[in-house]
Every structure is written in structure tokens, then in C-alpha cells.
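These notes are about the structure you will find just below.
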Amino acid sequence: MREATKALPAEPLDATALVADMGRRARAAAAILAQLSPEAKTAALNAAAAAIRAATPAILAANAIDLEQGRARGMKAAFLDRLALDAGRIEGIAKGLEVVAALPDPVGTVIAQWDRPNGLHIQRVRAPIGVIGIIYESRPNVTADAGALCVRSGNAAILRGGSEALASSRAIHAAMVQGLAAHGVPLDAVQLVETGDRAVVGAMLAAQGLIDVIVPRGGKSLVARVQTEARVPVLAHLDGNCHTYVDGAADLAMALSVVRNAKLRRTGICGATETVLVAKAAQAFLAPIATMLLDAGCEVRGDAATQAVDARVKPATDADWDTEYEDAIVAMKLVDDVDAAIAHVERHGSHHTDAIITQDPVAAEKFLAGVDSAIVMVNASTQFADGGEFGFGAEIGIATGRLHARGPVGAEQLTTMKYLVRGTGQIRP
């Protein structure tokens, strides 16, 4: 008898070739996208929202596959909740696209303009960056948010979502690009990496000349890898070690309300306060603030002054001042004044978001000027560190670097600038 033919082993993925091909196609699509009118992009984004709504059954079916695989791999309940979609969450994704569609188009916005003595008219205008690589984990809604923000800002996108959400991301992406294409957006303008192979991440990080900027959105290990290995510019933050400083001129009722929200509204987000500093002039506030947090189920780790106000306060270690807990845990410390608070934030913070609670405008302005963070607040919860709350419609992430964009990265932050110079035949002597 004839022997059965043995199945040949699958060829290993050539991640570098895959990313190179996607990058070349994205570059060609970006050239077309950069010339689309604001009205065409608006129509395309609204059509993408409608296509996602229409694809709800297919998206839910794909999400069920991801959830089943997640349970089989023993994913925690909180992780499965981030992954899970239902009709309401899909409607939220569609509405998010419509919000981005309604944003002013940043491309071509005149930032400044002036005339030179020789008659040249010079304008500095916003322009697309080109090709944006977005690397993210678990949340399938990022597929739509990131793609929409890139289209609004005239950029092509290469999306690499987490393998745990691959089926969901594929279904969302398929619906989205169908809607976009109906209004002139090239299919290659928003590409999805359809493999969970981690080698693709490395290839994207090394794709100089193919990808212009990388934006990571995920856990600390992912962002650390991106920042360590990337050979292209990165817009990202590593830690969200945020502070709320209660000044000597603070109102107690406001301090209690803001601190509770800043710490406990959602403990796992990057804008959650992790350390509360209290001025010596407001030392009487230590007890009510610590007790309020403890009674709400928050573990408090404090210095000697904070431990003295409630027996439930645990001693803080040196490491606590540098820790992003992402949990119902907070560090508390008594400091001399606003200058000492600024010094503590600068020594231990992550340059993400920090706030002062005060009725003293001089102290407020000193804190605003002295704290070198992407977002600095007065009398407001650090949990407002979010692109949606800033009126950006959506965000790809928070950037804490000092170049290009800082804070929430929305459509405007995904643009660069160029100069348009108009003359009447001038030559340089």
C-alpha cells in the first residue's frame, strides 16, 4: 500500500518580512489618507461606527471564542471582564467612533503665521506623522479607538492587539475597515496584525523607516519592553505613581471628597492617586482623611504621623513612596509645606498626574509651576487624567516624555507640524 503523506511542519513566521510588508502598504495608504478632506474622514468614521453596530452578532460570536479560551487558560475574573463584550459595550465602541468623527480635524490647522520683511508669508500647520504602530493588550475596544484616532489625524495604523483578544479584534477590525473603505479610506490605512506571535512586537519596535511612532497601551512589562527595545520614537508612560497633596489652605470637605475619588473611584487605572501628602499646617486633616479611606476598605500605609492617628494604619516602607499599587492601597505622609510636597513628587513620582488641594492661589501656582508632570491639577481628582475627560473623544494612552506630546494622546497629539511658505518670486541674496 502507498504510505500516507506526512503533514509538513508549518513554516516559522518571518515577523520582519510581515511587518515590512505591512509598513510599505501603510506608507502608501498614509499618502492617500493625508489628502482626504475632513468631511470624507468624518463620513468614513461614522460609516465605520454603523458597520460595527451591524456586525454586533459576529463580534459577540468572536468574543465568545476569546472568552472560552481565556477561561481554559485560567485567566482571572478581572482580566476576563476587560476582555468581555456585550451589546452595550459594542454600542459604546460605535459611539466612541462617532465622538472621534465629531472632533475638529487637526490636519492643516494653522498653529501660527507671520509675514517676513521680504514678503514671504509663513505658516506653521499640523500635519500627520505618517504610520503609527499601536501595541496593546486585552481590551478589544482599543482596536476601534486607535484606528479611529489615526484616521482622524490622517495617519495609517498598524495595530498589534493581545493574542487573548485576537478573534474579537479581527471581527471589530473587519467591520471597521468595511465602513471606512466606503468613503475613500484605503483598506491598508488601518491594518491589524492577525497573529499572536510575540516576534511581531520585536519586528515593529525595530521597523525604522516603516513605522514612525510606537504607542504601547498595556501593563508595565509590555511598556517596559517597548521603551527598552524600540528603535523608533515611543509615546508612553511606564508608571502611574500619582500624588494628591493636601495643602495647609485646603478645605477639609473638598479634600475628603477629592482624595476618596482620586484613590478609590477605580483603583486600577493609571490616574489613580497612590500617595497622599498632607501639609503640617493641615495636620488635623490626617485623621479624617486616613479614617475615611480605611472605612472605605482602603489599606493605608503611613509615616509615623499618619500611624499615630489610627491604629489600622500600617507602617510605610521606603518602597511604598515609589509604588504604583493599582489596588485599594495608599501611602500617606506628613510634609512641611508645598515646597516639600513638590520635592517629594519630583523624587518619587512618575511624571504622570499630580494634584494639589488648596484655597491659596499662590500655593496653587507654585505647585503648577514646580511639578514637572504631564498633568498637574488644582482642586480636582487625578482620575480626570483621561483623553475623554479632556475633550479629546478618546485616547491611545498617556505620554509622560518631554518631547512632542505629553498627557493624553488623542487625534491632535498624533500630528506633527510643517511649515508652509508662500512667496511671490523672492530669491535669497
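The values are calculated or read from the model by the stated rules, or taken from the named source; none is laboratory data. Everything numeric here is computed off the predicted structure, so don't read it as measured data. Cβ atoms come from the backbone with ideal geometry, glycine included; neighbour counts cover every protein chain shown.
Overview of values
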| quantity | calculated |
| --- | --- |
| Scan of the range 206-249 for residues that are part of a loop (DSSP other than H, G, I, E, B), more than 30 Å from A363 (Cα to Cα) and over 15 Å from the mean Cα position of the chain (by Cα), ordered by number | A206, A207, Q208, G209, L210, I211, D212, A230, R231, V232, P233 |
| Residue satisfying all of: in the range 393-429; assigned to a strand (DSSP E or B) and in contact with a Lys or Arg (Cβ under 7 Å, 6 or more places away or on another chain); farthest from N141 (Cα to Cα) among these | Y419 |
| Options T306, T353, T323; residue that is over 30 Å from I132 (Cβ atoms), hydroxyl-bearing (S, T, Y), in the same structural domain as R265 (by TED's automatic domain parsing) and surrounded by 22 or more Cβ atoms within 10 Å (Cβ to Cβ) | T306 |
| In the range 324-355, the residues that are out of contact with any Leu (no Cβ under 7 Å at 6 or more places or on another chain) and over 22 Å from R402 (Cα atoms) | Y325, E326, D327, I329, A331, M332, D336, D337, V338, D339, A340 |
| Filtered residues of the range 53-68 (kept if surrounded by 15 or more Cβ atoms within 10 Å (Cβ to Cβ), under 12 Å from A165 (Cα atoms) and touching a residue at least 40 places away in the same chain (Cβ under 8 Å)) | I59, A62, N63, D66 |
| Residues within the range 112-126 that are surrounded by 11 or more Cβ atoms within 10 Å (Cβ to Cβ), of a type in the set (A, V, I, L, M) and not in a loop (DSSP other than H, G, I, E, B), tallied | 2 |
| Boolean, A253 is assigned by TED's automatic domain parsing to the domain that holds V378, in contact with a Ser or Thr (Cβ under 6 Å, 6 or more places away or on another chain) and among the hydrophobic types (A, V, I, L, M, F, W, C) | no |
| Which numbered condition P408 misses (of (1) more than 26 Å from V131 (Cβ to Cβ); (2) buried (at least 21 other Cβ atoms within 10 Å of the Cβ)) | (1) |
| Residue match in the range 393-404 (condition: crowded, with 23+ Cβ neighbours inside 10 Å, at pLDDT 90 or above, within 15 Å of the chain's Cα centre (by Cα) and not basic (K, R)) | no |
| Output for the range 304-325, where each listed residue is farther than 16 Å from T244 by Cβ and in contact (Cβ under 8 Å) with a residue 24 or more places away in the chain | A305, D322 |
| Residue check for G88: without any contact (Cβ under 8 Å) to a residue 40 or more places away in the chain and assigned to a loop (DSSP other than H, G, I, E, B) | no |
| Matching residues in the range 160-190 - criterion: being crowded, with 24+ Cβ neighbours inside 10 Å and either touching a strand residue (DSSP E or B) at 6+ places or on another chain (Cβ under 7 Å) or not in a helix (DSSP H, G or I) (or both) | R160, G161, S169, M176, L180, V185, A189, V190 |
| Residue check for I132: part of a helix (DSSP H, G or I), buried (at least 20 other Cβ atoms within 10 Å of the Cβ) and modelled with pLDDT of 95 or more | no |
| Residue check for R89: assigned by TED's automatic domain parsing to the domain that holds T416 and surrounded by 14 or more Cβ atoms within 10 Å (Cβ to Cβ) | yes |
